[in-house]
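First comes the structure, then the notes that go with it.
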Amino acid sequence: MTFRRAHFLGIESLRPDEITALLDLADEYVALNRSASKHAEALAGMTQINMFFEASTRTQASFELAGKRLGADVMNMSMAHSSVKKGETLIDTALTLNAMHPDLLVVRHPHSGAVDLLAQKVNCAVINAGDGRHEHPTQALLDALTIRRAKGRLHRLVVAICGDIAHSRVARSNILLLNRMESRVRLVGPPTLMPSGAADWGCEVYDDMRAGLEGADVVMMLRLQRERMDGGFIPSEREYFDRYGLDAEKLACARDDAIVMHPGPMNRGVEIDGMIADDINRSVIQEQVEMGVAVRMAVMDSLAQTLRETRQRERLRGMGDG
Amino acid sequence: MTLWFVNARLIDPEAGEERTGVLRVENGAIAEVLADGTPPAGAQVIDCAGKCLAPGIVDMGVQVGEPGARHVESFRSAGRAAAAGGVTTIVARPDTDPAVDTPEVLEFVTRRAASQTPVRIRHMAALTRGRAGREMAEIGFLRDAGAVAFTDGARVVEDTRILSRCLTYARGLGALVVGHPQDPGLSRGTCATNGKFAALKGLPGVSPLAERMGFDRDMGLVEMTGVAYHADQITCARTLPALERAKANGLDVTAGVSIHHLTLNEFDLADYRTFFKLTPPLRSEDDRLAVVAAVGAGLVDVICSMHTPADEESKRLPFEAAAAGAVGLETLLPAAMRLYHAGALNLPQLWRALSLNPARRLGLEGGRLAVGAPADLVLFDPDAPFVLDRFSLQSKAKNTPFDGARMEGRVLGTWVRGARIFPHEED
């Protein structure tokens, strides 16, 4: 089976075999990226526009690198400081871009659902690079690839996702993917950072981190946004670290071979102890970054193939009409 | 060390009864409760001479001036007042200056209290930093450091979203939150209860419904978050049905009332005596009677002193400008005897609200006359009459509304962990 869709908007609609196909393809790109010549031609002649309505360094760089390695012409548009500020609506921006005939549009937007809206208005493949607190599907894929390479499988694992679940699109995409691949997901965090109804997502919810980590194969930490730290959702950084920061003592509750993940950027001493983040036997945080490029290459490669096939079909149909 | 109390009229709030009997105390705890018995020769014996022996009072909501106002009330003076009033556990409020809102301040007051008085002192901590209602306090650390409950005192957290997060966080830790049910907008700048009397006196009044509105809002949040909640003072008849409904709906809710609201009413404001200025203001006689009945029925769970010391300067002002609050540690028991002598509440009912319920609600051991319970006891004569002279009070602050009042009920002795702490040795 392969992944053949016009857009890559979220994990929610993906079948397990599509996820597996993308991860298999990504594995090939990991090998390519580790080789001396990192070039492929899957996107040769195509134009990729990275449109980030929200500041991003790592994800944008990862998409840019992925596109370039596949031979695309890549353009970065930092929308956080552009025409949007002058009052242009999202749909007008989309139509303007559409007129430039891009092939791939990589979009991050602070509002949930905005990327779906955009996808309805343009004639190219759209990739969701994070929309509001809804989904961040390439992050979930890269996490899955990291886990699969470390653990040899994605099913029947106990994965503890810890921290600010309520505001995290990373958490939502990961929960969807891991549930679909038949792993057990636990959500660990203070109740103020746990979305209402989390228990109905097919996850186990824990206030107590030690209990939540008991027997876990994977410990996935989430970033705590600075603006949420001070008295709003949690009393203070120090109380948060005391209860929900990953340190050696809490990690000892997980399985001896449990891996530690973090989507970055990390707040050392807030959600994770620096010693743990740097522990090469446990932490796979650097590997996650590497997998990120490979996964994005796999997604763009698959979308480009769909795009070529669609255009081919349209051309044939056009000829028939003539 | 063994101590025998013989010939006692035992007030047992747990059983809801009183009976004559003998109590044996060993190593600071109650070792035996007997209907009759003779101590062995040479034993240390207290002959109660038929007077009442009850669990020491657990006073939920006492302001002590430490830190910030030690000249108004220190742990030492509050402890002496408590011992003289049969209070064996002071549950201190965090409305100090600075507020008890960090584990560091809590550790300081805990250490200070323990070095100054033999009376047990437990601390409530602030729910929000500086009791300002904006950012939540370190509820987890404070709980680890021994805070028994979380409250901003009489300051209402006005922002419902902030309060909901505080309650959600507290629920996650299983912490008790003490609220002050009051609509902050309606009560701002008022000092009496709306009605004919306040209007005649020209005092700005607040509707008794402001209490129910505040309570209803809090109940919405309690239902939303599932937190354990105690209303510090329910003083109006029209709040009672809402309280009853909340309990019937299975919310984890309890309520208290100050002894002043059970024994005084708005007419006491007649002479503009600022010692009668309280938060919330004194209510109508109908309200008072309804709340007394609610205590009897067990709907209102806790009676406390709401001990709020104020120096002379802050009270010697026009009524509207004067500080609110009254001292009550030492007069709580004699004032409660007014309810007993009026036939409104019997002694086990009173001690259920004065000792048993507050101890239970806060997870403390005291409040019971049972084997294994700590020997925190008060021996009192419910009938001994006296006229209260405020300058005879042990508190540094003398702002009592009972100055010059005829009262019945005197404390004869107070014990904490089986050790006698009243009468004071120099007396």
Taking Cα atoms, the helix A:285-321 axis meets the longest principal axis of chain A at an angle in degrees (rounded to 10) of 30 degrees
Spin-label model distance (nm) - B:Gln44 vs A:Asn179, 7 Å beyond Cα toward Cβ: 6.5 nm
Shielding of A:186-194 by partner chains, average beta-carbon count, 10 Å: 4
Charge tally in the Cβ shell below 14 Å around B:Arg288, where Lys, Arg are +1 and Asp, Glu are -1, B:Arg288 excluded: -3
Separation between Cα centres of segment A:27-95 and segment B:379-427, rounded to whole Å: 80 Å
Determine which aspartates and glutamates satisfy two conditions relative to A:Lys86: a Cα distance under 18 Å, and not lying fewer than 8 residues away in the same chain. A:Glu54
Roughly how much of A:Glu12 is accessible, in Å² to the nearest 10, using a 1.4 Å probe? 120 Å²
Compute the label zone of B:Arg70 within segment B:108-134: residues whose backbone N is under 14 Å from the point 7 Å along Cα-to-Cβ. B:108-117
Rel. contact order, % - alpha carbon contacts under 8 angstrom, at least six apart, chain B: 21 percent
One finds, for A:Asp17 and A:Gln225 with R0 = 51 angstrom and r their Cβ-Cβ distance, a FRET efficiency to the nearest 0.05 of 0.90
Using only Cα atoms, figure out Rg for segment B:56-362 and give it as a multiple of 2.2 N^0.38 Å. 0.92
Using a Förster distance of 41 angstrom, determine the FRET efficiency expected from the C-beta separation of B:Arg316 and B:Asn346, and round it to 0.05. 0.55
What ranking of B:Arg134, B:Arg171, B:Arg238, B:Arg288 comes out by heavy-atom accessible area, probe 1.4 Å, highest first? B:Arg134, B:Arg238, B:Arg171, B:Arg288
Want the number for A:Ala44 to A:Met275: 0.36 nm per residue separation, take away the alpha-carbon distance, what's left? 78.9 nm
Go through B:Thr235, A:Thr89 and list them by solvent-accessible area, largest first, probe radius 1.4 Å. A:Thr89, B:Thr235
Unsatisfied cross-links (Cα-Cα over 23 Å) in the set A:Lys38/A:Lys121; B:Lys277/B:Lys398; A:Lys38/A:Lys151: A:Lys38/A:Lys121; A:Lys38/A:Lys151
Surrounding charge for A:Gly215, neighbours by C-beta under 15 angstrom, Lys/Arg +1, Asp/Glu -1, total +1
Ignoring ligands and nucleic acids, B:Phe391 exposes an accessible area, probe 1.4 Å, in Å² to the nearest 10, of 130 Å²
Given the DSSP H assignment, sum -39500 (n - 2.57) over each helix run of at least 4 residues in the protein assembly as shown and divide by its residue total; what's the result at 222 nm in deg cm²/dmol, nearest 500? -10000 deg cm²/dmol
Considering only chain A, what is the antiparallel percent among its DSSP beta bridges, to the nearest 5? 5 percent
From other protein chains only, count the Cβ atoms within 10 Å of every residue's Cβ in A:235-245, then give the mean. 4
Rounded to the nearest Å, what's the spacing between the alpha carbon centres of segment A:137-171 and segment B:253-298? Just the number, please. 59 Å
Can you tell me the length gained on complete extension of the stretch A:Ala252 to A:Lys68, counting 0.36 nm per residue apart and subtracting the Cα distance? 62.1 nm
Förster radius 51 Å - calculated FRET efficiency between B:Met224 and A:Met319 (Cβ-Cβ, nearest 0.05): 0.20
Rounded to the nearest 5, what % of DSSP beta bridges with both residues in segment B:56-362 are antiparallel? 5 percent
By accessible area (1.4 Å), largest first, A:Asp256, B:Asp301, B:Asp252 order as A:Asp256, B:Asp252, B:Asp301
To the nearest whole percent, what portion of all C-alpha pairs in the protein assembly as shown is separated by more than 33 angstrom? 60 percent
Shielding of B:164-176 by partners, i.e. mean partner chain Cβ atoms within 10 Å per residue? 4
Considering only DSSP beta bridges whose two residues both sit in the protein assembly as shown, what percent are antiparallel, to the nearest 5? 35 percent
Taking every other residue with Cβ under 10 Å from the Cβ of B:Ala83 and scoring Lys and Arg +1, Asp and Glu -1, one gets +1
Rounded to the nearest 10 Å², the 1.4 Å probe accessible area of A:Ile91 is 60 Å²
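The values are calculated or read from the model by the stated rules, or taken from the named source; none is laboratory data. The structure presented is a predicted model; accordingly, all values stated were derived computationally and were not measured. Note that we place each Cβ from the backbone using ideal geometry, even for glycine, and neighbour counts take in every protein chain shown. These accessible areas exclude ligands, DNA and RNA; they are computed on the full protein's heavy atoms, side chains included. Shrake-Rupley method; radii C 1.70, N 1.55, O 1.52, S 1.80 Å.
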